[in-house]
Amino acid sequence: MSTSEDTKIANILKRWLNTANELEAGTSRYFPITRLTSVKSLCRNRKTTQQFALHIAQRVQQSMSEAPAPDYFEPAEWDAHQQIVAEAITLMQRAMADEPDTEESLQTLRKQIDSFQGDDYRNFQWGMTVHFVRSGNLLQIDYAIQCFVQSDYPYYAYQLARQYAERYESSCGTGLVPKSRPQLLDIAEFWCQYYFSQSLRERFPKLMAS
């Protein structure tokens, strides 16, 4: 990369780190989720985007394995969700190795995900129809898959980052809130190691001093 490209990427990461630090210090309780829009500029090709999508999918899998099944899911459905996530990760790894027929398999898996998400569609007065999905985990996996199969993969990488980091707090609404901090740092850590082959703490010691 050129020096100017290095600087642009470093500035994106610094902005995210400053956001995370303000959330931790309590100087700000909320930032709009659009602060993550710059993820799109980091997705410079499909392979780069695929690595990010796989990383987040593996984080989703880890989170699901460490947490008990939510009360609103039957054990069999929760097990099915975990199987879908595991299958998606396997297919993503195969796609990154350029194995044949993986795109078709990923598209088929998306249909399975859709079948689990229910049919709760609601119309709002501004003319928009919103699908209230049953599983945020599967929604993240769906966005991760779309990073592999859609031509506008930077857009889906942003949607994936958004779904991964966005949280709700009654005092400030939905966006980047204090509970978003670990996910925001995880996103920044991935891109720091990808572009600079350094951890955030190595690259930005002053911002990571706490």
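The values are calculated or read from the model by the stated rules, or taken from the named source; none is laboratory data. Here the structure is a predicted model, which means the values were calculated and not measured. Ligands, DNA and RNA are excluded from the accessible area calculation, which covers all protein heavy atoms including side chains. Shrake-Rupley method; radii C 1.70, N 1.55, O 1.52, S 1.80 Å.
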Heavy atoms of Asp98 accessible to a 1.4 Å probe, total area in Å² rounded to 10:
120
Given a 1.4 Å probe and heavy atoms of the protein chains only, how would you sort Cys172, Cys147, largest accessible area at the top?
Cys172, Cys147
Starting from the residue with the highest accessible area, list His81, His55 in decreasing order, probe 1.4 Å.
His55, His81
Rolling a 1.4 angstrom probe over the protein chains, ignoring ligands and nucleic acids, what is the accessible area of Glu66 in square angstrom, nearest 10?
130
Specify the residue with the greatest mean-square fluctuation among Trp78, Trp16, Trp191, computed from a Gaussian network of the chain linking alpha-carbon atoms under 10 Å apart.
Trp78
How are the C-alpha pair distances of region 54-210 spread across 10 Å bins, as whole percents from the shortest bin up?
9, 32, 37, 17, 4
With respect to the cross-link table entries Lys111/Lys179; Lys8/Lys206; Lys47/Lys111, which display a Cα-Cα separation exceeding 25 Å?
Lys111/Lys179
Can you compute the helix-only [θ] at 222 nm over the chain? Use -39500 (n - 2.57) per DSSP H run of at least 4 residues, normalise by all residues, nearest 500 deg cm²/dmol.
-20500 deg cm²/dmol
How tilted is helix 75-96 with respect to the longest principal axis of the chain? Cα atoms for both, answer in degrees (0 to 90, nearest 10).
60
On the accessible surface of the chain, probed at 1.4 Å, how many percent belong to carbon and sulfur atoms?
47
Which order do Val133, Val60 take by accessible area at a 1.4 Å probe, largest first?
Val133, Val60
Can you give the angle from 0 to 90° between the axis of helix 102-116 and the longest principal axis of the chain, with both taken from C-alpha atoms, to the nearest 10?
70
Hey, what angle do you get for helix 136-149 against the long axis of the chain, alpha-carbon based, 0 to 90 degrees rounded to 10?
80
